[in-house]
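One structure is given here, and the rest of the page talks about it.
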Amino acid sequence: MIEHRSDRSRIEVADARSVRVGFGIAHVLAGEDVKYALPYAEVAGEEPSFVLGNPPSDPAEIDASELPVTATLDGDAVPLVRRSAEHESRAGAFVLTGWLAELEKVEPGFVSADLGPAGRVSCRIAAPGSPPADDSPPWGEMVGPVGEEQPLAVGRFEEIYDAADPWCINDHTFAKGPDGLWHLFAITHPKPYDHALDPGTRLAHATARSLEQRGWRDEGFALTADPERGEHLLWAPHVVERDGTFHMFVCVGAAEGDLFSIRRYESDDLWAWRRTEGPPAVTDGVEARDPMVVRAGGRWVLYYTATERPDGGRFVVAAVTSEDLVSWGPRRIVFTHPRAGAFGGPTESPFVVRRGPAWYLFVTDDEVVHVYASRDPFEWSFDDHVFAYRGRACEVVRDETGAWFISHVGWELGGLALAPLEWHDGFDDGPFSIEPASLT
């Protein structure tokens, strides 16, 4: 019998020598039609189990015979046997189409497989009765291959804030206020996630006297969605300051369908937020979301995750520009990932950092953050990849001393954590898109 388990879960194995672990593509059915394709890992033994991977891809865009497969065990590359399973299994709405490769040797640990444009899948192979706290991925661990010299390094993550049960937080933003406090705003919803019950209709707010302070103070909700004002959810806030006014950009969703909007809110003190009039900054297809705003080329640039077409296609990072943060121009695509689909995808939570002539694009692919480097803030290619590590929904921030940090949020697997971010790119003299936080 095949037991379906969600991604980021464990598969308990009493004797690793008695099982085989393989990786393949699962087709997700809508009735009898194939709707999505997902990578999966399967343990074949007396009690077979399988684990699904990251958000769905378009099956028409995937040629399983051409997919590369690489795997790691606790961060180290492991040998694979390129062998296709001779069976096709069905488990409810999932059809497991057979293995593309399997582990040469099965051992307990955190296993992650990369199936190229089809995505990633990971799980914990654990001994029965071992602590469930060990199931989380080793956040911050470098994921390769990324070349011989990496331009950056991520230190150890330390949790600084977690919402009280049953709430959890996700995509977030930091800002230093005129009151001298650090402010955090984030997606929040009850656990476990139920889109029909609460897709994320509030923004969490927390404060601290220092960026690295443990146990930020919960300040309640900063905003609550008002459907009468076209706010159907509140996702992935990002805050920038201009001339003493704070501007927060938030995805507000749509009443129905995938044509999502991103709106702007204003505040003088980071405590009271007011809605702004006029059209959204962005309205785009397939849940356009995760805004991030930065200065580039004398303009404001708003980056966000989207797809090539309003109904799907390859996952992209898109951008619009503005002179005043109010009126925004047409969309342009600045990065295209080879994977295609109509949900989730490998270009979530884009974050852009300038260091000297280099522009770094951080994007989240399930539980891995990938970094691309370019000399043009409006063009990155898939070949510009320079670094990858285990994490989610990162923000890059600097404290009052100028030290660099990068954040990670566990969503339903832990709170918000912060790690030192080290640069080895030779551009320490700047200019930088992120300046040290004000001392006041």
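Please treat every number below as a calculation from the coordinates, not as lab data. Bear in mind that the values here come from a model prediction, so they are computed numbers and not experimental data. Please note: Cβ atoms are built from the backbone with ideal geometry, for glycine as well, and neighbour counts cover all protein chains shown.
Is there a quick way to get the dipole size of the chain? I mean about its Cα centre, with the Cβ of Lys and Arg at +1 and of Asp and Glu at -1; what is the value in debye to the nearest 20?
I would put it at about 400 debye.
To one decimal place, what orientation-averaged projected area in nm² is obtained for the convex hull of the Cα set of the chain?
Result: a mean projected hull area of 20.7 nm².
Taking θ = phi - 60°, what integer Hz values does the Karplus form 6.51 cos²θ - 1.76 cosθ + 1.60 yield along the stretch 322-336, in sequence order, with x for Gly and Pro?
The phi angles translate into 8, 8, 9, 6, 10, 9, 10, x, x, 6, 9, 8, 10, 8, 10 Hz.
Under a cut-off of 18 Å between alpha-carbon atoms, report the aspartates and glutamates in cross-link reach of LYS191, not counting same-chain residues fewer than 8 places apart.
ASP7, ASP135, ASP162, ASP165, ASP171, ASP218, GLU412
Can you bin the stretch 216-309 into rounded, prolate or oblate? Criterion: square roots of the alpha carbon gyration tensor eigenvalues sorted a ≥ b ≥ c, rounded for a/c under 1.5, prolate for a/b above b/c, oblate for the rest.
It comes out oblate by the Cα gyration axes.
Could you put TYR36, TYR304 in order, starting from the residue whose Cβ has the fewest other Cβ atoms within 10 Å?
TYR36, TYR304
To the nearest Å, what is the center-to-center distance of the stretch 193-231 and the stretch 345-382, using C-alpha atoms only?
Cα centroid to Cα centroid, the span is 26 Å.
Could you derive backbone 3J(HN,Hα) for the stretch 237-253 from the dihedral phi with the Karplus parameters 6.51, -1.76 and 1.60 (θ = phi - 60°), listing whole Hz in sequence and x where the residue is Gly or Pro?
x, 9, 10, 10, 10, 9, 6, x, 10, 8, 10, 10, 9, 9, 6, 10, x
Place a point 7 Å from the Cα of PHE378 along the Cα-to-Cβ direction; which residues of the stretch 280-317 have their backbone N under 13 Å from it?
Flagged as within label range: 296-302.
Hey, what do the phi angles of the stretch 155-167 turn into as Karplus ³J(HN,Hα) couplings, whole Hz, using 6.51/-1.76/1.60 and θ = phi - 60°, x for Gly and Pro?
Result, ordered by residue: x, 7, 7, 10, 5, 10, 7, 9, 5, 5, 4, x, 7 Hz.
Calculate the translational D of the stretch 294-440 in whole µm² s⁻¹ from Stokes-Einstein, where the hydrodynamic radius comes from the Kirkwood formula applied to all Cα pairs, the temperature is 4 °C and the viscosity 1.567 mPa s.
80 µm²/s
Tell me, what is the FRET efficiency for ARG242 and GLU61 to the nearest 0.05, using R0 = 35 angstrom and their Cβ-Cβ distance as r?
0.30
Among the aspartates and glutamates, which fall within straight-line cross-link reach of LYS35, defined as a Cα-Cα distance under 17 Å, with same-chain neighbours fewer than 8 residues apart omitted?
In chain and number order, the partners are ASP58, GLU61, ASP63, ASP258, ASP311.
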